[in-house]
Each structure stands twice: as structure tokens, then as C-alpha cells.
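First up is the structure itself, then whatever we jot down about it.
The values are calculated or read from the model by the stated rules, or taken from the named source; none is laboratory data. Everything quoted here is computed from the prediction, not taken from an experiment. Backbone-built Cβ (ideal geometry, glycine too); neighbour counts: all protein chains shown.
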Amino acid sequence: MVKKRGVIRRRNDLLSRFGAVVRGHRLGLGISQQELGKRAGLHRTYITDIERGVRNISIKSVASLSKALGVPISSLFPSAADRSAP
């Protein structure tokens, strides 16, 4: 069971870091969560959940966010140096 908890913790950590990166790009553009949602075709509360690290989003949603933020998809993921071991 301990191992299972570790896997869940790492997943949540990854989601939190992803959300922080999205938030950083959004704030860098000076736009609201509402505006990002509109640009990406996603609901504002979904954007909120992504930034809080509580949503495990699809590849399609990642692509929509990337386009809406005007950044490459790869820039939305934490660097290899920052990742925990799987």
C-alpha cells in the first residue's frame, strides 16, 4: 500500500507542477482564467482545477491550452531535471 500512495503522490505532484506552469504562462499574458478558457474552448472552472492540480487532463486539452497560450506543448511540462522518478 505504501508504494501505491507514493504513486498517487507523484501523480498529484506532477499535476500540481503542470498547473503551476499553465498559471505562469497565463499570468505572463496578463489574462484571466475566464479568458484562457474562452481561448482554449474550456470552461473557466476546468482551468481553475487544472491550475490547482486536481485535474488529469487529456492530450487534446493540453493541445488546446498550448494553442491558447501561444506556447509549444513541451513548454507546459516540467523539465526533465525537475521530474521525480516514475
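Only one of these is at pLDDT below 95, closer than 19 Å to Leu14 by Cα, of a type outside the set (A, V, I, L, M, F, W, C) and surrounded by 15 or more Cβ atoms within 10 Å (Cβ to Cβ): Arg55, Arg83. Name it. Give the steps one after another, and end with the answer.
Values: Arg83 fails: surrounded by 15 or more Cβ atoms within 10 Å (Cβ to Cβ).
It is Arg55.
If Leu42 meets every condition in (1) modelled with pLDDT of 95 or more; (2) in a helix (DSSP H, G or I) apart from one, which number is that one?
(2)
Please specify each residue of the range 26-39 satisfying the condition of being on the phi < 0 side of the Ramachandran plot and either part of a helix (DSSP H, G or I) or exposed (fewer than 14 other Cβ atoms within 10 Å of the Cβ) (or both).
The answer is Arg26, Leu27, Gly28, Leu29, Ser32, Gln33, Gln34, Glu35, Leu36, Gly37, Lys38, Arg39.
Taking Val71 and the conditions (1) in a loop (DSSP other than H, G, I, E, B); (2) modelled with pLDDT under 90, which numbered condition does it fall short on, given that it satisfies the others?
Status for Val71: all satisfied but (2).
Listed residues Arg23, Arg10; which is surrounded by 12 or more Cβ atoms within 10 Å (Cβ to Cβ) and either at pLDDT below 95 or of a type in the set (Val, Ile, Thr) (or both)?
Just a single option satisfies the conditions, and that option is Arg10.
Report every pair of residues separated by at least 6 positions or lying on different chains whose Cβ atoms are under 6 Å apart, first residue within the range 20-39 and without any contact (Cβ under 8 Å) to a residue 24 or more places away in the chain, second basic (Lys, Arg) and assigned to a helix (DSSP H, G or I).
Cβ pairs passing all conditions: Gln33/Arg44; Gln34/Arg44; Gly37/Arg44.
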